[in-house]
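Heads up, the thing below is written out as structure tokens.
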Amino acid sequence: MFELAGIEKRHGAALAVAVASWRAESGEAWLLAGPSGSGKSTVLHLIAGLTPPTAGRIVVANRDLASLAPGERDRWRGRTVGLVPQRLHLIGAVSVADNLRLAQRLAGLERDDARVVALLEAVQVADLMHRRPGELSQGQAQRVAIARAVVNRPAVLLADEPTASLDDEHAAAALELLRAQALEAGATLVVASHDARVRPLLPHAFVLPAHAAAPRPA
Amino acid sequence: MTLAGLAFAYARRRPLSTVLVVALAALGVAIATLTLVVSAALERRLASDARGIDLVVGAKGSPLQLVLAGVYHVDVPPGNIPHASLAWLRARPGVAGAWPLALGDSVRGFRIVGTEPALAELYGASLAAGAMFDAPMQAVIGDDVARMTGWAPGAAFAGTHGLAEGGGEHGENAYTVVGVLAPTGRVVDRLVLTPVESVWDVHEHHAGAGRAASPAPPDAQATRRSSADGVHDGHDRDENAGDDADRELTMILVRYASPLAAASLPREINESSALVAASPAFETARLFTVFGVGLDLLRVFAAVLVGAAALLLFVALAQALEERRYDLAILRALGARPRDLVFVLLAESLALAAGGAVLGIVLGHAAVASIGAWLPAAAPLAGAAWRPGAGEAVVVALALAGGILAACWPAWRASRLDVAATLAEG
């Protein structure tokens with residue numbers, strides 16, 4: 001679960017995004033909607049503790065992010081938050097399996113090869129585990145990125161525009177995979193997207209206005 | 001997958017710049033290693049060859065030339081001195097030992113030294129085969145001479161004029177090898193020892209009669225200048241058949257009876273005779289000042305190469321930092337702390353610097369071994385290879401310091417990365 005209360009993020013004097021209140025429970029799947037430039041990615045980064053809010057309070061998995069020291073927040077993020085960035089961006093210098101092992105290592109967790117293999121099997125890329133990310137197709141890379149995001153069984157799984165470059169069939173498959181993996185991990189899923197195809201596939205939605213004013217629940 | 005593993009993976013991903021950095025660092029470290037090993041081996045060799053010899057006494061001329069010719073056997077002697085100088089020196093209270101040297105001929109590039117059996121003892125040499133010479137035209141050869149010529153007791157040879165190969169042969173006077181010395185690692189390994197009388201006999205026969213008798217030392221008229229071309233360096237003229245007192249020597253090696261003699265004996269020799277006394281220790285130090293300039297230049301060149309490698313490493317890391325900004329942001333999103341990113345960049349830089357340093361040490365020692373094996377005159381170098389010393393440890397430390405320095409700024413930039421902004425850039 002997570003809860004945002006009275007959140008504002010400013011860049012200088014300019015308001016980037018504001019969220020008066022938003023609470024999501026464990027196991028729920030949310031769409032974070034809004035037009036381009038509405039601050040969807042910023043909200044994901046706020047929940048992940050990648051950037052601090054200018055004002056307001058963020059609680060994720062019962063931890064107030066303001067209470068975490070910077071170094072502690074990094075490790076906490078590795079264990080608690082899974083992030084599927086828009087460009088996926090797997091680490092190209094290492095293999096598919098090592099991308100997942102790296103996520104375990106950076107979160108300060110023990111290496112768990114069984115978990116890595118099981119996940120890659122679950123997302124149907126186990127046969128590619130020794131390949132470099134550059135050898136994968138876009139769809140394969142996306143599945144690996146999802147597996148990397150859930151390898152540490154996060155409390156919150158955040159995906160930024162996961163269907164942006166996919167056709168209908170692959171978009172539906174990607175969302176289904178995200179939901180299944182979030183469910184398996186018991187995580188709260190938030191999918192930031194302005195893709196109209198996503199809305200019917202997720203039961204909850206939170207919509208940001210275009211002008212970064214006060215948000216309105218859908 | 002560890003952070004060090006990630007650093008290696010990044011280095012492998014840029015093979016060209018990785019190879020360039022490692023090669024440049026290796027070249028610099030190899031040259032530094034070469035200069036260190038060569039200078040240490042030279043110092044060891046020079047000190048070893050001069051051990052036990054406090055003074056070289058010879059004809060007026062350059063003291064350094066005296067030492068080079070008499071102690072290291074690499075230069076022509078400045079001239080001759082009367083044989084009577086030997087007795088005069090032995091009578092000095094500060095002299096514990098004096099060994100005559102009569103130079104001028106060689107065989108297959110090895111110098112024939114007319115002397116006394118005690119010279120072998122001065123170098124701590126013992127007989128490996130045969131016996132010590134006890135009559136003219138008998139020769140005892142050093143270990144290098146025996147190995148290079150294949151001679152054993154019973155072999156015969158004729159000397160050639162001059163101290164280098166190619167002189168005219170004294171074919172009418174044959175030496176007989178009567179003994180072979182055990183290896184000492186000192187200059188005596190490369191010498192052919194024979195009684196002083198052998199040298200006199202060879203050149204008496206060669207020059208014929210009619211020479212003027214040499215006056216007794218320390219008469220200023222006593223010394224004879226050697227020929228400028230170094231052939232028959234100062235022993236084949238003015239030598240008459242007759243008493244030893246009328247004969248000549250090339251120089252005399254002297255050992256002090258006590259350290260006090262160092263203060264008085266050279267002055268006494270230089271002021272009261274036509275002879276020159278040269279201190280091997282002093283002249284060797286002077287020689288090293290000259291060598292040192294060349295070695296220092298090589299060291300500066302090596303430092304420039306290592307510096308260039310560090311600069312190249314810096315450029316490569318700075319460029320890599322720009323290319324990997326999104327990677328670094330993702331690593332932070334996955335839980336990496338700023339210090340983890342610093343570690344990855346430092347480890348990558350250090351791995352390349354260490355690779356260059358280790359390769360450089362290996363190349364440097366391989367070069368030392370090769371030079372020692374290919375050049376007979378540099379044979380002592382071969383034994384100096386593959387024995388890393390404190391100097392190499394300093395070179396490696398400097399190379400690693402260069403690696404750390406090169407990574408400092410990129411690592412600092414990485415630690416200050418704005419993760420959210422970088423991810424938002426996409």
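The values are calculated or read from the model by the stated rules, or taken from the named source; none is laboratory data. Bear in mind that the values here come from a model prediction, so they are computed numbers and not experimental data. Here Cβ is always computed from backbone atoms with ideal geometry, including for glycine, and neighbour counts include all displayed protein chains.
Observations on the model:
- Residue within the range B:21-32 that is under 32 Å from the mean Cα position of the chain (by Cα), part of a helix (DSSP H, G or I) and within 23 Å of B:W200 (Cβ to Cβ) present: no
- Any chance A:L158 is within 11 Å of another protein chain (Cβ to nearest Cβ), surrounded by fewer than 22 Cβ atoms within 10 Å (Cβ to Cβ) and of a type in the set (A, V, I, L, M): no
- A:G134 vs. criteria of a type outside the set (A, V, I, L, M), in a helix (DSSP H, G or I) and away from every other protein chain (no Cβ under 14 Å): no
- Qualifying positions in the range B:309-319 - crowded, with 17+ Cβ neighbours inside 10 Å and farther than 16 Å from B:R416 by Cβ: B:A309, B:A310, B:L312, B:L313, B:F314, B:A316
- Pairs where the first residue, in the range A:103-129, is at negative phi and within 14 Å of another protein chain (Cβ to nearest Cβ) and the second is crowded, with 18+ Cβ neighbours inside 10 Å and of a type in the set (D, E), C-beta under 7 Å, 6+ apart: A:L106/B:D340
- Scan the range A:107-121 for residues that are part of a helix (DSSP H, G or I) and either touching a Phe, Trp or Tyr at 6+ places or on another chain (Cβ under 7 Å) or of a type outside the set (A, V, I, L, M, F, W, C) (or both) and the total you get is 3.
- Note on the range B:1-10: residues that are of a type in the set (A, V, I, L, M) and either within 9 Å of another protein chain (Cβ to nearest Cβ) or under 38 Å from the mean Cα position of the chain (by Cα) (or both) total 4.
- Complete set of residues in the range B:186-218 that are modelled with pLDDT of 85 or more and small (G, A, S): B:S198
- Restricting A:L119, A:L106 to those that are closer than 22 Å to A:G78 by Cα and either out of contact with any Gly (no Cβ under 7 Å at 6 or more places or on another chain) or hydroxyl-bearing (S, T, Y) (or both) reduces the list to A:L119.
- Residue among B:V306, B:V315, B:V300, B:V342 that alone is among the β-branched types (V, I, T), within 14 Å of another protein chain (Cβ to nearest Cβ) and over 19 Å from B:A424 (Cβ atoms): B:V342
- Screening A:D98 with (1) within 14 Å of another protein chain (Cβ to nearest Cβ); (2) modelled with pLDDT under 95; (3) over 19 Å from the mean Cα position of the chain (by Cα) gives one miss only, at (2).
- Unique match (being among the polar types (S, T, N, Q) and either in a helix (DSSP H, G or I) or within 23 Å of B:T2 (Cα to Cα) (or both)) among A:Q104, A:Q124: A:Q104
Per-residue answers, yes or no, for (1) over 35 Å from the mean Cα position of the chain (by Cα); (2) among the hydroxyl-bearing types (S, T, Y); (3) in a loop (DSSP other than H, G, I, E, B):
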{"residue": "B:Y326", "(1), (2), (3)": "yes, yes, no"}
{"residue": "B:L341", "(1), (2), (3)": "yes, no, no"}
{"residue": "B:L350", "(1), (2), (3)": "no, no, no"}
{"residue": "B:A354", "(1), (2), (3)": "no, no, no"}
{"residue": "B:L359", "(1), (2), (3)": "no, no, no"}
{"residue": "B:L381", "(1), (2), (3)": "no, no, no"}
{"residue": "B:V394", "(1), (2), (3)": "no, no, no"}
{"residue": "B:A407", "(1), (2), (3)": "yes, no, no"}
{"residue": "B:A411", "(1), (2), (3)": "yes, no, no"}
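- Subset of the range B:69-87 (residues that are closer than 30 Å to B:G185 by Cβ and touching a residue at least 40 places away in the same chain (Cβ under 8 Å)): B:A69, B:G70, B:V71, B:Y72, B:H73, B:V76, B:P77, B:P78, B:I81, B:L86
- Of all the criteria given as (1) at pLDDT 90 or above; (2) more than 30 Å from the chain's Cα centre (by Cα); (3) in a loop (DSSP other than H, G, I, E, B), the one not satisfied by B:N240 is (1).
- Residues that are β-branched (V, I, T) and within 20 Å of B:N80 (Cβ to Cβ), drawn from the range B:93-120: B:I112, B:V113, B:T115
- Residues that are touching a strand residue (DSSP E or B) at 6+ places or on another chain (Cβ under 7 Å) and part of a helix (DSSP H, G or I) within the range B:70-96 comprise B:G70, B:S85, B:L86, B:L89, B:R90, listed in sequence order.
- Candidates A:G37, A:G27, A:G71, A:G6, filtered to the one that is in a loop (DSSP other than H, G, I, E, B) and either without any contact (Cβ under 8 Å) to a residue 12 or more places away in the chain or more than 19 Å from A:I146 (Cβ to Cβ) (or both): A:G37
- Search result, residues across the range B:178-206 that are crowded, with 24+ Cβ neighbours inside 10 Å, β-branched (V, I, T) and closer than 19 Å to B:L86 by Cβ: B:T194, B:V199
- Count of residues meeting criterion [over 24 Å from A:E28 (Cα atoms) and either in a strand (DSSP E or B) or within 14 Å of chain B (Cβ to nearest Cβ) (or both)] in the range A:58-68: 1
- Residues of the range B:253-289 that turn out to be at pLDDT below 85 and among the basic types (K, R), as a count: 1
- From the list B:G142, B:G104, the lone residue that is of a type outside the set (A, V, I, L, M, F, W, C), touching an Asp or Glu at 6+ places or on another chain (Cβ under 6 Å), at pLDDT 90 or above and buried (at least 21 other Cβ atoms within 10 Å of the Cβ) is B:G142.
- Failed condition for B:E172, given (1) part of a strand (DSSP E or B); (2) at pLDDT 90 or above: (2)
- Some residue of the range A:26-34 being over 27 Å from A:E176 (Cα atoms), more than 9 Å from chain B (Cβ to nearest Cβ) and acidic (D, E): no
- When residues of the range A:20-39 are limited to those that are of a type outside the set (G, A, S), under 22 Å from A:D195 (Cβ atoms) and within 18 Å of the chain's Cα centre (by Cα), the one surrounded by the most Cβ atoms within 10 Å (Cβ to Cβ): A:L32
- So B:A9, is it surrounded by fewer than 20 Cβ atoms within 10 Å (Cβ to Cβ), part of a helix (DSSP H, G or I) and at pLDDT 90 or above: no
- Of everything listed in (1) touching a residue at least 60 places away in the same chain (Cβ under 8 Å); (2) assigned to a helix (DSSP H, G or I), the single unmet condition for B:A277 is (2).
- Among the residues here, B:L363 does not qualify as surrounded by 22 or more Cβ atoms within 10 Å (Cβ to Cβ) and either of a type in the set (S, T, Y) or away from chain A (no Cβ under 14 Å) (or both).
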